[in-house]
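Single-structure report; data block below.
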Amino acid sequence: MVKPETNPLGLTFTNRFTRDLPADPIAENTRRQVHGACFSRVDPTPTAAPQLIAHSHEVAELLGISADDVASEAFAEMFNGNLVTGDMDPYAMCYGGHQFGNWAGQLGDGRAIALGEVLAPDGSHQTLQLKGSGPTPYSRGADGRAVLRSSIREFLCSEAMFHLGVPTTRALSLTLSGDEVMRDMFYDGRSAFEHGAVVCRVAPSFLRFGSFQLFPARGDADTLRTLVEWTIRTDFAHLDAPVDGPIPNETITEWFAEVCRTTADLMVHWMRVGFVHGVMNTDNLSILGLTIDYGPYGWLEGFDPEWTPNTTDAGRRRYRYGNQPSIAHWNLVQLANAIAPLYAPDDESGLSDEEIEAAFREQVAPLQDAVDSFATRFDAGWNEMMAERLGFVAIADGDNELFGELGRVLQLVETDMTIFHRRLADVDAANAATLDDVSLVEPISDAWYVKPSDEQLSEMATWLRSWSARVVAEERADGDRAANRIAQMHAINPKYVLRNWMAQLAIDRSDAGDHDGVTELLELLRRPYDEQPEHEDQFFVKRPEWARERAGCSMLSCSS
Ligand code: AMP
Ligand code: MG
């Protein structure tokens, strides 16, 4: 069959990644180690019966795809990998990474194939990547497919995060492939067929920390430099690197410092909304500071810094909620180590080993400074975020103790983090000094999973009184403050997040052929900060008892 020249949706493919960067010279789609290349060209494997289940109209708009085009057969075909046209240049990326703290060597896109990069109407470049569209040279022992349940989770969570204001890769479409995929969901030998699905993910870049780690791990400083310089010139054009010739170390350092900042900011967001990624391996951290690779992630319900959603992580809890900022920092150290070889002294002739070593240390010192600045940036960002969510005008002396004490009080009995923060705005701060404990805590009492003892209740009341005194002092200074404060709190504390059991309810319905649950949740999560009273009885509620131990609601495996 002759490939059509251009895609039927009128997208403008620019394909800078594959145009500019070194390609794997082998064209065959066989599993192997790929050296000296940033990607392998590979076509998606056609699927049996593409069927569109859901799409994000905001992402379609971003790409300039009309509603009619979304409804066309070509759309489902294209974003299932069944329609590859001459203007696309499909490929899988080559990268490595640390998994659970250990260097894992080459990983790469084992089940993601980018169709190419398009120029969006707003002037941005967006890569369209199909997740679950068949094997690639990086599939190792796996099939390159994705199942419906994990695809629903990726589709919904990407868009939910976007609407929460959290940097993330986006999801254009969720399609059923019509193929059946074998999975051992519980890793207990009970494999079963599940519906196959494909999500089209969209981001300016899918480069990960691990993309930069693989080359130096193999002693290939040339490809490392090519990729770093290309990344700086394309995705970090605002750094104004010289168009030709080598990019100076200062600019590389600026780039790395920016990665440290955006990563720190991302951690603040995750902590705010209660998102636990679950697999913060270095191949799952985006160079753009986006949330990427939605796998066994989960949302905190009861506030518990020790919680991890990932069964594979249950033993050491490396990726638990409270550990995410430290892990981000650890991952940045790995990225710094990866790019350090670029800082080797240019001319080593006539230098002793000690002199080379000293020169190198001096050169990489700014990288160390950038890594160190992560903690400062995260702490400042976290404190500001906490002040804002608690309704303060600005951070003040003593707030740190108040934040610390809140963390303790929220763990006296299991307390729903989202409900607590949303309902805090309803606490009668003005009368806190005179109200009795029970009346004072009443607005937040919905957040408790179990009834607190009198003593626990009174500890919460004590915290609420300190908090009230703090906001009332600011209100005394500014009469309009009270109303503004509540609006401020509602704008930063979401009412609706993608609770684990909510996704599971939609998955159960979809597995049975009713996909409306997915679109209903997408609609709800498009406005997470709005009251939406018609949905509160169903979704502004604590985790139901049935979900406590149910797979997919409490713990998830990587088997997706
Ligand atoms: P993840 O934990 O999802 O980031 O995946 C880690 C590595 O395993 C990446 O290289 C993935 O591309 C690869 N991988 C995960 N699932 C599959 C699959 N079903 N088929 C092929 N490769 C996969
Ligand atoms: Mg990954």
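The listed peptides 135-146, 24-35, ordered by packing as a protection proxy, come out as 135-146, 24-35 (highest mean of other Cβ atoms within 10 Å first).
Estimated from the Cβ-Cβ distance and a Förster radius of 35 angstrom, the FRET efficiency linking Ser458 and Ala551 is about 0.35. Each Cα pair of segment 211-388 feeds into the Kirkwood radius, which the Stokes-Einstein equation turns, at 4 °C and 1.567 mPa s, into a diffusion coefficient of 73 µm²/s. Estimated purely from DSSP H runs of n ≥ 4, each contributing -39500 (n - 2.57), the mean residue ellipticity at 222 nm for the chain is -13000 deg cm²/dmol once divided by its residues.
Working note: Cα atoms of segment 322-405, range along each principal axis, descending, whole Å: 62, 23, 17. Can you compute the FRET efficiency between Asp379 and Phe193 using 1/(1 + (r/R0)^6), with r the Cβ-Cβ distance and R0 = 51 Å? Round to the nearest 0.05. Calculated transfer efficiency: 0.60. Gyration tensor over the Cα atoms of segment 500-547: the corresponding equivalent ellipsoid has semi-axes (square roots of 5 times the eigenvalues, largest first) of 19, 15, 8 Å.
Length available on full extension from Thr434 to Glu58: 0.36 nm per residue minus the Cα-Cα distance, which gives 130.5 nm.
Sorting 411-424, 469-482 by average packing, meaning the other beta carbons within 10 Å per residue, from highest down gives 411-424, 469-482. With bins 5 Å wide beginning at 0, the percent of Cα pairs of segment 427-489 falling in each bin runs 4, 18, 26, 21, 16, 9, 4, 1. Computed from Cα atoms, the angle from the helix 399-409 axis to the main principal axis of the chain rounds to 80 degrees. Taking every DSSP beta bridge that has both ends in the chain, the antiparallel portion is near 95%.
Between Asp530 and Ala314, the distance separating the two model label sites (each 7 Å from Cα on the Cα→Cβ line) works out to 3.9 nm.
Ordered by the number of other Cβ atoms lying within 10 Å of each residue's own Cβ, fewest first, Leu498, Leu525 fall into the sequence Leu525, Leu498.
Normalised radius of gyration for the chain, please: alpha carbon Rg relative to 2.2 N^0.38 Å, two decimal places. Working shown, then result.
Values: Rg = 24.8 Å, N = 560, 2.2 N^0.38 = 24.4 Å.
Ratio of Cα Rg to 2.2 N^0.38 Å: 1.02.
Between Val243 and Ala67, with labels modelled 7 Å along Cα→Cβ, what's the label distance in nm to one decimal, could you check? Placing both labels 7 Å beyond Cα along the Cβ direction yields 4.3 nm.
The calculated FRET efficiency for Asp220 paired with Ile26, based on their beta-carbon distance and R0 = 25 Å, is about 0.90. Placing +1 on each Lys and Arg Cβ and -1 on each Asp and Glu Cβ, with no other charges, gives segment 332-460 a dipole about its Cα centre of roughly 600 debye.
Values in this text are rule-based calculations from the coordinates and carry no lab data. Fair warning: this is a prediction, and the values are worked out from it, not measured in the lab. Virtual Cβ from ideal backbone geometry, glycine too; neighbours counted across all protein chains shown.
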